[in-house]
1. How do 46-52, 179-185, 227-233, 144-150 rank on mean C-beta neighbours within 10 Å, highest first?
2. For a test of the definition: using alpha carbon positions, the gyration tensor, and the 1.5 limit on a/c, classify the range 114-176 as rounded, prolate or oblate.
3. Across 5 Å bins from 0, what is the distribution of all Cα-Cα pair distances for the range 50-251, in whole percents?
4. Please rank HIS152, HIS70, fewest neighbouring Cβ atoms within 10 Å first, as an exposure proxy.
5. Roughly how many Å is it from the Cα centre of the range 144-204 to that of the range 64-132, as a whole number?
6. What ranking of LEU248, LEU191 emerges when the number of other C-beta atoms within 10 Å of each C-beta is taken as an exposure proxy, fewest first?
7. Rounded, prolate or oblate: pick one for the range 172-255, where a ≥ b ≥ c are the square roots of the eigenvalues of its C-alpha gyration tensor, a/c under 1.5 means rounded, and failing that, prolate if a/b is larger than b/c, else oblate.
Amino acid sequence: MCHGPRPPDLPRRKAFETSDWHASRTNSSRRASCAEEAIARKAVERESAREYIPPNANLAELRVAAESCHGCPLYRDATQVVFGEGSARALIMLVGEAPGNDEDLEGRPFVGPAGRLLDRALEEAGVERRQVFVTNAVKHFKFEQRGKVRIHKKPNGREITACKPWVEEEFRVVRPQVVVCLGATAAQSLLGRDFRVTQRRGEVVASEFCPQTIATYHPSAVLRAPTSDQRASMRQALVDDLTTAHRLLEDAGRT
Ligand code: SF4
C-alpha cells in the first residue's frame with residue numbers, strides 16, 4: 001500500500017524542519033488534487049455532441065452522424081445510438097427521456113411496452129403516426145448491469161445538456177407545430193430545470209423550440225404506477241394531453 005514519501009531521516013532532524021517538510025508535502029498534494037479537479041472539470045465542460053454535428057444536415061445525415069457521437073460517456077456501454085424517427089414534415093414532435101433496453105437493442109425509439117402504450121394513446125387521441133416525429137432528449141441507453149439484467153438509469157443533467165444539440169437539430173429540420181414532452185427529463189431539457197410536470201401537466205406553454213409545448217407523463221411512468229387506478233388515471237391524462245396537441249393542430253387548420 002502506498003503512503004507517499006516518508007519524511008527524510010526523521011529522528012535526526014529538528015522539529016521545525018519536520019513540520020516544514022509536512023507543510024510542503026501538504027501544499028504539493030493540494031496543488032496536485034486541484035490540478036486533477038481542474039482537468040476533470042474541463043473534461044465535463046467539453047462534454048457535448050456539438051462537434052459531431054455536420055452543418056445543415058438533413059435527418060438521414062444527422063442519424064448517420066449520431067452513430068459516431070462521443071459527446072458524453074453514454075455511448076461506451078450502449079449497443080447503438082437511437083435517433084428520432086418520423087417524417088421531416090411531422091406536425092407534432094414527441095420527446096421522451098432516453099432509449100430503454102428494447103430501444104437500445106432495436107435502435108428505434110418507443111418500441112417496447114411503453115411504445116405500444118404510446119401508440120394506443122395516440123390512436124385514442126386521434127393522432128396519426130405520420131403526423132408525429134418521436135425522439136428522446138438523450139440518444140444512448142443509460143443503465144446499470146445487475147447480473148444479466150440491464151436496469152434503466154435516468155440520465156443526469158450533464159448528459160442531457162451534452163445531448164441537447166441533437167434535439168436542437170431535430171427541431172431545426174422538423175419544425176413541428178406542437179411539441180409534447182413525455183416525462184420530466186424531456187420537460188426539463190426543453191422547458192427548464194424548474195419545470196414540474198406534476199404541477200403543470202397539460203398546460204400549453206412556449207418553449208425555446210416551439211410556442212405550443214405540452215408536458216405530460218412518460219408512458220413508462222404510466223406502466224410503473226403502483227396501482228391499477230393510478231395507471232388508469234395517468235393513462236387517461238396522457239390521452240387527454242395528446243388530444244390537446246391534436247386540437248391545437250385542428251385549430252390551426254393543420255390536420
Ligand atoms: S448520449 Fe448523446 S451526447 Fe452522449 S454520446 Fe450519445 S448521442 Fe452523444
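Readers should treat all values here as calculations from the given coordinates under stated rules, not as data from a laboratory. The structure presented is a predicted model; accordingly, all values stated were derived computationally and were not measured. So basically every Cβ, Gly included, is an ideal-geometry build from the backbone, and we count neighbours across all protein chains shown.
1. Values: 46-52: 15.7, 179-185: 25.4, 227-233: 11.4, 144-150: 9.4.
My ranking of the peptides, most packed first, is 179-185, 46-52, 227-233, 144-150.
2. On the way: a/c = 3.49, a/b = 1.29, b/c = 2.71.
Verdict is oblate for the range 114-176.
3. 1, 8, 17, 21, 22, 17, 10, 4, 1, 0, 0
4. Values: HIS152 15, HIS70 12.
Taking fewest neighbouring Cβ atoms as first place, the list is HIS70, HIS152.
5. One Cα centre to the other: 12 Å.
6. On the way: LEU248 18, LEU191 21.
The fewest-first ordering by Cβ neighbours comes to LEU248, LEU191.
7. On the way: a/c = 2.34, a/b = 1.42, b/c = 1.64.
Oblate.
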